[in-house]
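**Q** My questions will all concern the structure given below.
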Amino acid sequence: MKEFVMRDGKKLRLGYTTGSCAAAAAKAAAWMLLRGGKKETIRLLTPKGIELTLAVEDIHSAPDCVRCAIRKDSGDDPDITNGLLVYADVALTAQGVAIRGGEGVGTVTKAGLACPVGEWAINPVPRRMICQALEDVGTACGYGGGFAVTISIPGGEEVAKKTFNPRLGIVGGLSILGTTGIVEPMSEKALVDTIRLEMDSRKAAGDRHVLAFFGNYGVDFSRSRLGVDVSKRVTISNYVGELLDYGLYCGFEDILLIGHLGKLVKVAQGIMNTHSSYADGRTSFLALAAMLCGASRKTGRAVYDAVTTDEAMRILTQEGLREAVMAFTCQKIEYYMEQRVHGEVQTGAVLFSNTYGVLGYTSRAKELLLHHTTREIL
């Protein structure tokens, strides 16, 4: 693709989804089945309104079936599916369009996703795109019958193990996804949609308690140091506000967020997107908290000048201020989390550092942690 978007002052190339690949492959295969010959490129109008012209690869033709592939291009988005071939096998039927998954396409085993339990993980918009593409070919070729389509992604089962799919209850492969047909690099919307998808899955499974992490550091620490069952976790990246908003919307009873001090100290300032491009203020807050807890101006300055929060913790520990500063920090975190949910959902947070271990609990965090571990909380 030649289209670009601007992100953080950088020009980033757009890509296209597995849904677009599946629809384009099905369209090309149907065209060759009805017209004969080879189709080296195929045009596809995406729901976003961008028309793609895609190279058709690995064509296999038989009198009653054609198989071909479109290579996934994620543009400048760091997508693990980039470069995979998405295949469509198309055969003629009496009427309608029947779509199924093949090798490397997962099946849904848990409620709460866009596809029903037991169905192939081919989402509604890609299904509509496939049907529209086949209808367009049928009309152009004067064909009034139906199609049987099988979508497959060789190697998809192995790649899927590195995605959220196993935790969401999608087994055996990847999902065919996309609501616009286009991949926008570093899309905030895509990340937020993933958070909501995970929470929908937890809610549909009957869970009443949300366990959330910023990323793998918190997961590993909680599993090894706190004995937490992390199998039902929600990973939020930097989107604390979206976690709290959607948890309130879904009607969960409580939300527990376990995170590194470097992230949660931002929440203590009311910062609900913890990405560095939005705000920082980590050592500024810790320096202010230290001085409110009795630190000298010299100590406050040393904390303010610290390069990392672990270095700030070293200074506070040395000055005998760590416990007081962490208690103050936890109070502020709890205040802002409670404000975000208007007190209608119980919230809690656990702060940790890989160097210093658990640094603090908000007032209800230990109680909420019991929903996720059987180990005694000290």
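**Q** Can you name the residue in the stretch 4-37 that is surrounded by fewer than 14 Cβ atoms within 10 Å (Cβ to Cβ), under 18 Å from D76 (Cβ atoms) and in contact with a strand residue (DSSP E or B) (Cβ under 9 Å, 6 or more places away or on another chain) and, of all such residues, is modelled with the lowest pLDDT?
**A** This residue is M6.
**Q** Pick from V86, V90, V66: which is modelled with pLDDT of 95 or more, under 23 Å from the mean Cα position of the chain (by Cα) and within 22 Å of G146 (Cα to Cα)?
**A** V86
**Q** Can you name the residue in the stretch 150-165 that is more than 16 Å from the chain's Cα centre (by Cα) and in contact (Cβ under 8 Å) with a residue 24 or more places away in the chain and, of all such residues, is surrounded by the fewest Cβ atoms within 10 Å (Cβ to Cβ)?
**A** Going through the qualifying residues, I end up with G155.
**Q** Let me ask something else about it. Tell me, yes or no, whether the stretch 166-182 has at least one residue that is among the polar types (S, T, N, Q), over 15 Å from the mean Cα position of the chain (by Cα) and modelled with pLDDT of 95 or more.
**A** no
**Q** With the requirement that a residue be at pLDDT 95 or above, more than 32 Å from the chain's Cα centre (by Cα) and not in a strand (DSSP E or B), what does the stretch 40-63 give you?
**A** Of everything in the stretch 40-63, just one residue is at pLDDT 95 or above, more than 32 Å from the chain's Cα centre (by Cα) and not in a strand (DSSP E or B), namely E40.
**Q** Identify, from the list F213, F147, the residue that is in contact with a helix residue (DSSP H, G or I) (Cβ under 6 Å, 6 or more places away or on another chain), among the aromatic types (F, W, Y), closer than 27 Å to V66 by Cα and open to solvent by less than 20 Å² (accessible area, probe 1.4 Å).
**A** Only one candidate qualifies: F147.
**Q** Hey, another quick one. Going by the conditions given, is I271 open to solvent by 10 Å² or more (accessible area, probe 1.4 Å) and not in a helix (DSSP H, G or I)?
**A** Spelling it out, I271 is indeed open to solvent by 10 Å² or more (accessible area, probe 1.4 Å) and not in a helix (DSSP H, G or I).
**Q** Then there is this: Restricting the first residue to the stretch 273-294 and requiring it to be in contact (Cβ under 8 Å) with a residue 60 or more places away in the chain, which pairs with a second residue that is part of a helix (DSSP H, G or I) meet a Cβ separation below 6 Å and a spacing of at least six or different chains?
**A** Hits for this filter: T274/K263; T274/K266.
**Q** Give the number of residues within the stretch 67-101 that are open to solvent by less than 20 Å² (accessible area, probe 1.4 Å) and not in a strand (DSSP E or B).
**A** Total meeting the criteria: 4.
**Q** OK, next. May I ask you to list the residues in the stretch 230-243 that are small (G, A, S) and not in a helix (DSSP H, G or I)?
**A** Passing the criteria: S231, S237.
**Q** Can you find a residue that is among the basic types (K, R) and touching a residue at least 24 places away in the same chain (Cβ under 8 Å) anywhere in the stretch 254-266?
**A** Within the stretch 254-266 (the criterion being among the basic types (K, R) and touching a residue at least 24 places away in the same chain (Cβ under 8 Å)), the answer is yes, since at least one residue qualifies.
**Q** Additional query: Considering every residue within the stretch 327-339, establish whether at least one is at pLDDT 95 or above, farther than 24 Å from E242 by Cβ and among the aromatic types (F, W, Y).
**A** yes
**Q** When you check F252 against the structure, is it out of contact with any Cys (no Cβ under 6 Å at 6 or more places or on another chain) and modelled with pLDDT of 95 or more, yes or no?
**A** The answer is yes for F252.
**Q** So in the stretch 38-65, with the set limited to residues that are of a type in the set (V, I, T) and surrounded by 15 or more Cβ atoms within 10 Å (Cβ to Cβ), which one is farthest from A98 (Cα to Cα)?
**A** I50
**Q** Still on this structure, please answer the following. State yes or no: is S224 open to solvent by 20 Å² or more (accessible area, probe 1.4 Å) and out of contact with any Lys or Arg (no Cβ under 9 Å at 6 or more places or on another chain)?
**A** For S224, the condition - open to solvent by 20 Å² or more (accessible area, probe 1.4 Å) and out of contact with any Lys or Arg (no Cβ under 9 Å at 6 or more places or on another chain) - is met.
**Q** Just one of (1) over 29 Å from W31 (Cα atoms); (2) in contact with a Phe, Trp or Tyr (Cβ under 6 Å, 6 or more places away or on another chain) trips up V137, so point out which.
**A** Against the list (1) over 29 Å from W31 (Cα atoms); (2) in contact with a Phe, Trp or Tyr (Cβ under 6 Å, 6 or more places away or on another chain), V137 comes up short only on (1).
The values are calculated or read from the model by the stated rules, or taken from the named source; none is laboratory data. All values reported here derive from a predicted model rather than from experimental measurement. Backbone-built Cβ (ideal geometry, glycine too); neighbour counts: all protein chains shown. Accessible surface areas use protein heavy atoms only, side chains included; no ligands, DNA or RNA. Shrake-Rupley method; radii C 1.70, N 1.55, O 1.52, S 1.80 Å.
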